[in-house]
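Report on the structure given below.
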Amino acid sequence: MLTEHDFASQKRRADVVARRLADRHTPLIRNAWYVAAKGDEITRRLMARTLLGVSVLLYRTEAGEPVALHNRCCHRSFPLSEGKLEGDTVVCRYHGLRYDAMGSCIAIPSQSQSPGKIGVRRYITMERGPLVWIWMGDPALSESTPLPHPEWLGHPDWDIEIGYVNVKGSYVHLHENLLDLSHLSFLHETTFGTPEYAAAPIETKIEGDDIQVWRHVPCVLPPLYAKPLGWEGMRAIRHSGSQFVSPGLHVNSGVFENLDLPKEQQSPPPMVKVAQIITPECQDRVHYYYAFCRNFVRGNPEVGAFMIKGFTAAFNEDVYALEKISDMHAQEDASQFYEIDIAADRAGLQMRRHLKTLADRETAEVSGVAPHFGKVPGAE
Ligand code: FES
Ligand SMILES: [Fe+2]
């Protein structure tokens, strides 16, 4: 039985470890690429979306370029998304200030004077395949930070299905969930988990901020994979990897090997890759896109629909868990609990140390420095 003394000493120890790790309170990382939206969500209609705690206005120019501006009129903070898109300019619905696609205020209807160098912040965007990425940190650092978009995402060699769910929970917990897949045997026991999964040996590879976990699980594949492959009831090995790529992206990979079929019939081996696209909406909500890519039974919409339905059901189980955890954190004071770490957490702990280092670095960089409002075109 856990005595009060045991609790106090475990908690002291856990608190010391936790201080070096990112958690739901750690400031969000701004100097990173995140997915703002799927490309087909950004249209000629003004759309508001909260990203990293900031309301962002998204639209396309007449030439089709995505635009991301701070969705807050610099006059009296009216949301620009409530206004009108005229050509490539946005007119605020309150007093009519007009902004161009760079975010510069180019007209104030109630005065004849030129507005000068005022405007709203414009965020850098990059469209790749089906996604539009955004940079909301220091613009000077965007060029030296490679876009994490994987080459297979949107590549014609892979069939792709994309789902979305808005998660009530911390993005740190979502990354952690994806690095510790021992939960497949429990949380996902009826969707894509199998009983052997949790106890399968883990290979954890940590090289700097490249954090990966692999398992090679002999099993009968769950129907989500076995059915489309025609492998139901057959013995297989499920090679399964999780990789933390950046604060905004995680990749899960599955390579399937059939032990009952000759090797020649499995070349190239069937594979799935899932881009787990993690964009914090704010400290405790996440825009979660999952882009599921497969190299087998391609060009078959029925299989695509079956698999994305299965993935959506499974990922909703993760959402359920993260929301329950979020509720527990909201309900109870930190003095009332501690969390222990187990062997399966090794990669997750490294990821949380990494995020904490990034957040501390950003906090140190901005402390005592005036906030950066981005460059208004024409400004020195
Ligand atoms: S609040 Fe936008 S023009 Fe006044
Ligand atoms: Fe999961």
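Any read-out appearing in this document is the output of simple, stated calculations on the displayed coordinates, not a laboratory observation. Because the structure is a prediction, the values reported are computed rather than measured. When we count neighbours, we look across all protein chains shown, and the Cβ atoms used for this are built from the backbone with ideal geometry, even at glycine.
Here are the numbers:
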| item | result |
| --- | --- |
| Residue-span extension gain [residue 263 to residue 12] - 0.36 nm each, minus C-alpha spacing | 85.0 nm |
| Residues with amide H under 5 Å from that of residue 33, placed H, sequence gap 5 or more | none |
| Inter-site label distance for residue 20 and residue 40 at 7 Å from Cα along Cβ, in nm | 4.7 |
| Shape call, segment 14-63: gyration tensor on alpha carbons, a/c limit 1.5 | prolate |
| Gaussian network model of the chain, springs between alpha carbon atoms under 10 Å - residue of 196, 127, 323 with greatest fluctuation | 196 |
| Where trypsin sites (Lys or Arg not before Pro) fall in DSSP loop in segment 79-138, at most 16 other Cβ within 10 Å | 93, 117 |
| Links that overshoot a 30 Å alpha carbon limit, given the list 227/324; 38/117; 205/273; 11/273; 84/356; 324/356 | 227/324; 38/117; 11/273; 84/356 |
| Where only alpha carbons of the chain are counted, the Rg and the Dmax (Å) | 23.5, 80 |
| Folded to 0 to 90 degrees: helix 301-331 orientation relative to the chain principal axis, Cα | 80 |
| Label-point separation in nm, residue 235 to residue 343, each point 7 Å along Cα→Cβ | 2.5 |
| The chain - mean residue ellipticity at 222 nm from DSSP helices (-39,500 (n - 2.57) per run, n ≥ 4, rounded to 500) | -7500 deg cm²/dmol |
| FRET efficiency, 1/(1 + (r/R0)^6) with R0 51 Å, evaluated for residue 330 and residue 295 via beta carbons | 0.75 |
| Per-selection Rg to Rh, segment 159-362 - Cα, Kirkwood hydrodynamic radius | 0.98 |
| Separation of alpha-carbon centers, segment 258-329 and segment 96-143, rounded to whole Å | 35 |
| For segment 38-136, convex hull of alpha carbons as volume per residue, Å³ | 91 |
| Packing rank of 218-228, 259-269, where each peptide gets the mean count of other beta carbons within 10 Å, highest leading | 218-228, 259-269 |
